[in-house]
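Below is one structure, written out as structure tokens; the observations come after it.
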Amino acid sequence: MPQRTHDPVETRTLAVLVNNEPGVLARVVGLFSARGYNIESLTVAETDKAVGASRITIVTTGQPVILDQIKAQLDRIVSVRRVIDVTLDPAGVQRELALIKVRSTGQDRIEALRVSEIFRAKVIDTTLQSFIFELTGASEKIDAFCELMRPLGLVEVSRTGVLSIHRGPESS
Amino acid sequence: MDVVGSPILASTLSGAEIVVQALKDQGVQHIFGYPGGAVLPIYDALFAEPAIQHVLVRHEQGAGHMAEGYARATGKVGVALVTSGPGATNIVTPLVDALMDSVPIVVISGQVPTHLIGSDAFQEADTVGITRSATKHNWLVKNVEDLARVIHEAFYVARSGRPGPVLVDIPKDVQFAKAAYVGPKGLRPKTYHPAGSPDPAKIAEAATLMARAQRPVFYTGGGVVNAGPEACQTLRALVRETGFPITSTLMGLGAFPASDPQWLGMLGMHGSWEANHAMHDCDVMICVGARFDDRVTGRLDGFSPGSKKIHIDVDPSSLNKNVLVDVGVVADAGLALEALLNAWRARKPKPALKPWWDQIDAWRAKRSFAYRPSDTVIKPQYAVERLFALTKDKDPYITTEVGQHQMWAAQFFGFDKPNRWMTSGGLGTMGYGLPAAVGVQAAFPDALVIDIAGEASIQMMMQEISTAVQYRLPVKVFILNNEWMGMVRQWQQLLHGERYSHSYSEALPDFVKLAEAYGAVGLRADKPADLDDAIKEMIAVDRPVIFDCRVAKTENCFPMIPSGKAHNEMILGDEETRGAIDEEGKMLV
């Protein structure tokens, strides 16, 4: 690795537009494991059936030289159409969705519901002892919500990982 | 490569016939392979096919290295054909070897029928899964309609951009199914765009740096050889017109003639004193088609600390991977060199390089490849020197195995042309040399092809001498036999307190008798006085030869940059080795 150890580690969101073909996710993920890069979150789904395109969104961390290396390495995979660094895109929008189960009664239950209203979370299931909240937003917002729910009976969290898109009328 | 549309565009062929037709349309004349259940339809289509010569190997690894040797010597794509399961897994090593050294090969593997995939069928392996990280790209073709397109795309991916190995896995039912054939014209993957011409602004920046340089050096690699003979000619013109010194990696030998006064010899761990010191002390480094490998750079924080670095590479991910550079040029080496040559000619600089060349001459005076000669035993360096002296007017092709003999070959065999030197650089694959030599000889039946080998390496792919005999391919295997895994022994001496753990071969075959058993010719020399005559005899024989050259047993390969040290900390000989490698260096390979 290049000798520039004093550079700080940064977090980046990369949108990797790929051909939707067998093994393409393994190629991308295999690259990260083979070269020792980090994956903080990963989402993948087909986005355009007509042209067979899928979008993989990866949140990764590293020093800037490593992040450039990751982008170059992704770009040379034959099935990869484009790599977009969403973090560097001032018009980039990033969102994550989470389902959060909280089990509590009495005052904690009332407080959990109150906090969920502040965060504009949706209640999508309820029993007398529990809620499931649906929350969309930046990852930090979901982190903050989970922290607040922890003393109020947080039992389970399911998150999609980050999705991203470019603002404005153009496609990426 | 010239590719032409097939005249039988619209007709319906079986998958196996499509494979053969596609190979023919790609200009393939030789394939190296081994039949088995899952490729029988393709072998049936090859039966009595006059346009393609099939070379039957003895082990699929041999087929892969033959395809590599063929590709490196001809500049064309090498092709191997193997069956499913073990056939495919046996060729994984050559695939990785070709990936590391950027060698264009296409491997076609058979697969169990589609309805059996995933059922742990006989000779089933997840070939595309296993070879995903061993190839530049791979394909499993489940639909015969895709087959012709995929094969043509495979050739395009293998040879374009940074060349590399690809694999096409074809289930047996797809080989029987029928479809219309499509020719190669215009077929290339839509999402794959290899770099071409350089950015003129970057070239201008590079030329400006070069024009002002006082202590410049060219550091070139296999990328120049891959870019083709014209690129090598452009490199020669640029180096001569600039008057700069030039060194190269192991993979780049031959792109610039070793007999030229501007040539400094190979650089790196066992490179020349002058090459490594020039790299360390230079003020402008022009790297073309090389990748700052750890064998080249030594300790990274001590690597050429005072230089501005220009890096030309067709692969963007090579830039700033190991060493940060000042000017990165993403382009084909030939096009970039041409642009650089034009930019240089437009500027007409007259750099004052005399002090730099005086310094280089002082380093050269160290004669870092010198060794203590002997009248009684054959020194391995002497053996390579004599082999070079006695064959150089025959335009020989040299392959090697991996180890000390490989380094001595690189040090003492001078290459004046590209595509004459086939060696496993990145992966360091023992067993590469003999099959690679067979591949070269298949391409050039009348050439002198020599595998400079060690007695340990050669035994890893020994069986391919049988292939050479079958096809009357008169390869010469020149074994520097010291009975030790020499490089392992050297490292054990230098790093592990002379504890020679399992590096001595207590039992070795009689290589002369072994040659005879295979139907080849066996020769032996153990005295310096007999060496020349024996080498001449080897050259004169028009059959495969195994030459058992008994050499000094414990000779070390010098000079050497000890692991974890910088270029200017290299050592010249045994007397300097004590304590030369510290604990941190020991951790490195």
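Read-outs throughout are calculated quantities, based only on the coordinates presented, and are distinct from any laboratory measurement. What you see is a predicted model; the values in this text were computed from it and never measured. Positions of Cβ are backbone-derived with ideal geometry, glycine not excepted, and every protein chain shown enters the neighbour counts.
Here the scattering of segment B:232-377 is modelled by Debye summation over its C-alpha atoms, one equal scatterer each and no solvent; at q = 0.21 Å⁻¹ the log10 of I(q)/I(0) is -1.59. The convex hull around the C-alpha trace of chain B, projected and averaged over every direction, spans 26.8 square nanometres.
Between beta-carbons, use under 12 Å as the cut-off and find the net charge around A:VAL155, counting Lys and Arg +1, Asp and Glu -1.
For residues surrounding A:VAL155, the net value is +2.
The Cβ shell under 12 Å around B:ALA16 holds other residues with a net charge of -2, Lys and Arg each +1, Asp and Glu each -1. With distances taken between every two different alpha-carbon atoms, segment B:1-147 has a Kirkwood hydrodynamic radius of 15.6 Å. With only the Cα atoms considered, segment B:365-441 has a convex hull volume of 128 Å³ per residue. Of B:LYS354/B:LYS392; B:LYS309/B:LYS394; B:LYS366/B:LYS527; B:LYS76/B:LYS348; B:LYS142/B:LYS185; B:LYS379/B:LYS513, which ones are farther than 30 Å apart at the Cα? The answer is B:LYS354/B:LYS392; B:LYS309/B:LYS394; B:LYS76/B:LYS348.
In this structure, the amide hydrogen of A:LEU154, modeled 1.01 Å from its nitrogen in the peptide plane, lies closer than 5 angstrom to those of A:ARG103, counting only residues at least 5 positions away or on a different chain. Spatially close Lys pairs in chain A, defined by Cα atoms under 29 Å apart and a spacing of eight or more places or different chains, total 5.
Our summary gives segment A:10-88 a relative contact order of 48 percent, counting only alpha carbon pairs under 8 angstrom and 6 or more residues apart. Residue separation of B:HIS115 and B:GLN53 scaled by 0.36 nm, minus their Cα-Cα distance, works out to 19.1 nm of gained length. By the Stokes-Einstein formula, at 1.002 mPa s and 20 °C, segment A:64-109 with its Kirkwood radius over alpha-carbon pairs has D equal to 147 µm²/s. Less than 5 angstrom separates the built amide H of B:ILE378 from those of B:ALA552, all sequence-distant by 5 or more or on a different chain. State to the nearest 20 debye the size of the charge dipole of the protein assembly as shown about its Cα centre, where the only charges are +1 on K and R beta carbons and -1 on D and E beta carbons. Dipole magnitude for the protein assembly as shown comes out near 1380 debye.
Both the radius of gyration and Dmax for the protein assembly as shown are 29.1, 101 Å, in that order, over alpha-carbon atoms. Placing unit charges on the Cβ atoms only, positive for Lys and Arg and negative for Asp and Glu, gives chain B a dipole magnitude near 1360 debye about its Cα centre. Summing +1 for each Lys or Arg and -1 for each Asp or Glu among the other residues whose beta-carbon sits under 11 angstrom from that of B:ARG162 gives 0. Residues whose amide H falls under 5 Å from that of B:LEU81, counting only those 5 or more places apart or on a different chain, are B:PHE32, B:GLY33, B:TYR34, B:ILE108, with hydrogens built in the peptide plane. Inter-label distance, B:GLU241 to A:VAL9: 4.9 nm, where each label sits 7 Å from its Cα along the C-beta direction.
Cross-link partners for B:LYS202 among the aspartates and glutamates, with Cα-Cα distance under 12 Å and sequence neighbours closer than 8 places in the same chain left out: B:ASP326. The value for segment A:10-88 of Rg(Cα) / (2.2 N^0.38 Å) is 1.02. As an equivalent ellipsoid, segment A:93-164 spans semi-axes of 21, 11, 10 angstrom, where each value is the square root of five times an eigenvalue of the C-alpha gyration tensor, largest first. Out of the trypsin sites (Lys or Arg not before Pro) in segment B:83-187, which ones are loop residues according to DSSP with at most 12 other C-beta atoms within 10 Å? For trypsin sites (Lys or Arg not before Pro) across segment B:83-187 that sit outside H, G, I, E and B with at most 12 neighbouring Cβ atoms in 10 Å, the list reads B:LYS185.
Shown in residue order for segment B:468-475 are the 3J(HN,Hα) couplings computed by the Karplus curve 6.51 cos²θ - 1.76 cosθ + 1.60 at θ = phi - 60°: 4, 5, 4, 9, 6, 9, x, 5 Hz (x for Gly and Pro).
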